[in-house]
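Have a look at the structure below before the remarks.
The values are calculated or read from the model by the stated rules, or taken from the named source; none is laboratory data. Owing to the predicted nature of the structure, the values given are computational and were not obtained by experimental measurement. Because the Cβ atoms are built from the backbone with ideal geometry, glycine has one as well, and the counts that use them run over all protein chains shown.
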């Protein structure tokens, strides 16, 4: 609990320094971390994303509540969150602009829901994703599909197909933690709080799936 409290203070300070204007998006929550001290057996991992990653008010200090984060299902020894950047409403361009090098063994990127809602061309998103990974400088990358999107289910399906192709091309790990809660790109009833974000139970389940892939990528 002491570590979580210290992390929340650091996140709030960082948010005040690097929060982008992200109007027109349904995402809420934020996160950006420093590099805490770690044990020799720890697996440090970094994150890049929007509120699906940033999550709840205690983590973000953003003043917005009730948005679950997959991190709550993923964290726990030996995994240690060591750095990265995530902010509510962030597009991949804003993630790239805010990100610095990340001290981690594995980088988790979950990005694109806001790009889809703003109709950002895939070619631009692809370039941003490649630049995000290059900027982070982490040797192992886990790329997550984006969750269902009730407003644009067909666009979500096409986007995830492109993410799979990009992961294959770049030799990144791909994780799809949403298979049980989507139907043709939309949320299964009872699994979302607003058509964009998962319920807390679904977010935790997604976090556990992402955790397993991160540990595997790290050789654990």
| said: Within the range 159-179, take every residue that is free of Cβ contacts under 8 Å to residues at least 12 places away in the same chain and outside any loop (DSSP other than H, G, I, E, B) and give me the one that is farthest from residue 130 (Cα to Cα). | reply: 179
| query | In the range 200-220, how many residues are in contact with a helix residue (DSSP H, G or I) (Cβ under 9 Å, 6 or more places away or on another chain) and assigned to a loop (DSSP other than H, G, I, E, B)? | reply | 1
| field | Residues located in the range 192-220, provided they are more than 21 Å from residue 77 (Cβ to Cβ) and crowded, with 21+ Cβ neighbours inside 10 Å | value | 196, 197, 198, 202
| From 189, 147, residue being buried (at least 23 other Cβ atoms within 10 Å of the Cβ) and modelled with pLDDT of 95 or more | 147
| said: Just the residues that are closer than 23 Å to residue 211 by Cα and in a strand (DSSP E or B), please, taken from the range 180-194. | reply: 182, 187, 192
| note | Turns out the helices (runs of 4 or more DSSP H) fully within the range 76-142 with at least 2 residues that are more than 16 Å from the chain's Cα centre (by Cα) are 122-136
